[in-house]
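Worksheet: the structure to be examined is printed underneath.
The values are calculated or read from the model by the stated rules, or taken from the named source; none is laboratory data. It should be emphasised that the depicted structure is a prediction, and the values quoted were computed from it without experimental measurement. Note: ideal-geometry Cβ built from the backbone for every residue, glycine included; neighbour counts use all protein chains shown.
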Amino acid sequence: MTSSADQVPGDAPPPRVCITFITSGGRTVTAPVDSNLLRVSLREQGGIPFKCGGGLCGTCRCLIEQGIEHTDQVKEKERRHLTQADLDTGHRMACQTFVTGDIHVSWVPRKPV
């Protein structure tokens with residue numbers, strides 16, 4: 001990982017993406033290109049719910065409301081939890097999704113236990 005102190009003057013900064021967490025009041029953060037959506041949410045307190053973080057439970061189901069074209073290909077683990085209709089309308093599992101450009105994401109908030 002390169003820090004800003006390691007950059008040569010005149011070098012462009014590494015590319016970053018903007019992620020807007022709609023359900024968390026529209027909070028917008030930046031992250032490196034190809035960041036995992038759930039990891040960014042955890043690091044930046046975006047609020048996407050999760051349990052396992054590995055594609056087993058489906059808790060991190062979310063809706064990419066804008067920028068679905070800025071996500072990587074759907075994984076087999078996602079197909080176990082999401083129907084083709086879900087995928088066609090922009091649903092993804094945050095733990096399996098890597099972001100390559102700006103997106104807006106929402107989710108159904110978990111009810112307090």
What are the residues in the stretch 60-102 that are over 23 Å from residue 15 (Cβ atoms), in contact with a Cys (Cβ under 9 Å, 6 or more places away or on another chain) and among the basic types (Lys, Arg), if any?
77
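Going residue by residue through the stretch 41-52, is there one that turns out to be of a type in the set (A, V, I, L, M, F, W, C) and in contact (Cβ under 8 Å) with a residue 60 or more places away in the chain? Full working, then the answer.
We begin by selecting, within the stretch 41-52, every residue of a type in the set (A, V, I, L, M, F, W, C); these are 42, 48, 50, 52.
If we keep only those that are in contact (Cβ under 8 Å) with a residue 60 or more places away in the chain too, we end up with none.
No: the stretch 41-52 contains no residue that is of a type in the set (A, V, I, L, M, F, W, C) and in contact (Cβ under 8 Å) with a residue 60 or more places away in the chain.
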Just wondering, is there one or more residues in the stretch 46-59 that are touching a strand residue (DSSP E or B) at 6+ places or on another chain (Cβ under 6 Å) and either under 24 Å from residue 13 (Cβ atoms) or of a type in the set (S, T, N, Q) (or both)?
yes
Every residue from the stretch 25-52 that is assigned to a loop (DSSP other than H, G, I, E, B) and acidic (Asp, Glu):
34
I'm checking my understanding of the structure. Among residues of the stretch 68-97 that are without any contact (Cβ under 8 Å) to a residue 60 or more places away in the chain and β-branched (Val, Ile, Thr), which one is surrounded by the fewest Cβ atoms within 10 Å (Cβ to Cβ)?
83
Test each condition in (1) more than 16 Å from residue 55 (Cα to Cα); (2) among the acidic types (Asp, Glu); (3) over 13 Å from the mean Cα position of the chain (by Cα) for residue 102 and report the one that comes out false.
(3)
Any chance the stretch 69-89 includes a residue that's among the hydroxyl-bearing types (Ser, Thr, Tyr), part of a loop (DSSP other than H, G, I, E, B) and modelled with pLDDT of 95 or more?
yes
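Is it the case, given these coordinates, that residue 104 is buried (at least 16 other Cβ atoms within 10 Å of the Cβ), part of a loop (DSSP other than H, G, I, E, B), of a type outside the set (Phe, Trp, Tyr) and on the phi < 0 side of the Ramachandran plot?
Details: buried (at least 16 other Cβ atoms within 10 Å of the Cβ): yes; part of a loop (DSSP other than H, G, I, E, B): no; of a type outside the set (Phe, Trp, Tyr): yes; on the phi < 0 side of the Ramachandran plot: yes.
Taking the combined requirement at face value, the residue does not satisfy it.
Specify which of the listed residues (62, 18) is touching a residue at least 60 places away in the same chain (Cβ under 8 Å) and not in a loop (DSSP other than H, G, I, E, B). Outline the logic, then answer.
Numbers: 62 fails: touching a residue at least 60 places away in the same chain (Cβ under 8 Å).
Of 62, 18, the one residue that is touching a residue at least 60 places away in the same chain (Cβ under 8 Å) and not in a loop (DSSP other than H, G, I, E, B) is 18.
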